[in-house]
Amino acid sequence: MRFKEGDKVQFIENNELIIGTIKRVNNDVGWVDLKVSDLSWFFRKLEDVVKVKEPELIAVPRFAADWIKHCKQREYDLACLLDYEDSDMSAEMYEWLISSADNQELLARAWLDGYEVEKEPLYYVQLIQGICGYLNVRNDGIQFLNSRGQTAELKTRFTEKEIKAMDKGGAYWQFAVPVDEVEGEA
């Protein structure tokens, strides 16, 4: 197994499972330097250590991530996180949480094991067929049609929420095309 600096590994020392971080790998002699704490370092043969399997991060919606952050800042526990009866939870979070027991379990797993925020799908608004038929919005809010190339001053990829929030957003939404679909054609 190939190790690199920063890998989290485990090994047995005096019948105790020790977890440490690799600080240096010496493949020539087959040893690794491990830091277990500020005061504790170990040197082990490569074959005596195994990589710690990190749990895969759970993807949660932005509002769920905001709720977890809110609860951690207030030093709430898991029970408070899931208590939707007597809390300052947003309506969106409340609806999502009560809609499914799976969502409650997902939120609890995210709290315990860590999470990442779901990436919202992005869309182009293609009002006219052809290379210059895409909605472009400048930083100053001016809208016009051009190519789908996005720059720091020009936005061409939007979330559903951004499209629907625009003036004429309901109409624009009918012309929304997932970025992945268009990029796949290129």
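The values are calculated or read from the model by the stated rules, or taken from the named source; none is laboratory data. If you're wondering where the values come from, they're calculated on a predicted model, not measured in any experiment. Don't worry about glycine lacking a Cβ; one is built from the backbone with ideal geometry, like all the others, and counts go over all protein chains shown.
General observations
- Among residues of segment 153-182 that are assigned by TED's automatic domain parsing to the domain that holds ASP140 and of a type in the set (Asp, Glu), those with a beta-carbon under 8 Å from a residue that is modelled with pLDDT of 90 or more and in a helix (DSSP H, G or I) at least six positions away or on a different chain give the pairs GLU160/TRP173.
- For segment 29-36, the condition of being outside any strand (DSSP E or B), of a type in the set (A, V, I, L, M, F, W, C) and under 27 Å from TYR115 (Cα atoms) holds for none of the residues.
- Pick from segment 4-28, criterion assigned to a loop (DSSP other than H, G, I, E, B) and within 28 Å of the chain's Cα centre (by Cα), ranking: surrounded by the most Cβ atoms within 10 Å (Cβ to Cβ): ASP7
- Of the residues making up segment 136-147, not a single one is in contact with a helix residue (DSSP H, G or I) (Cβ under 8 Å, 6 or more places away or on another chain) and crowded, with 16+ Cβ neighbours inside 10 Å.
- Residues satisfying the stated conditions in segment 53-75, i.e. out of contact with any Cys (no Cβ under 9 Å at 6 or more places or on another chain), farther than 30 Å from THR21 by Cα and assigned to a loop (DSSP other than H, G, I, E, B): PRO61
- SER87 passes every criterion in (1) part of a loop (DSSP other than H, G, I, E, B); (2) over 30 Å from GLU56 (Cα atoms); (3) not aliphatic (A, V, I, L, M) apart from (2).
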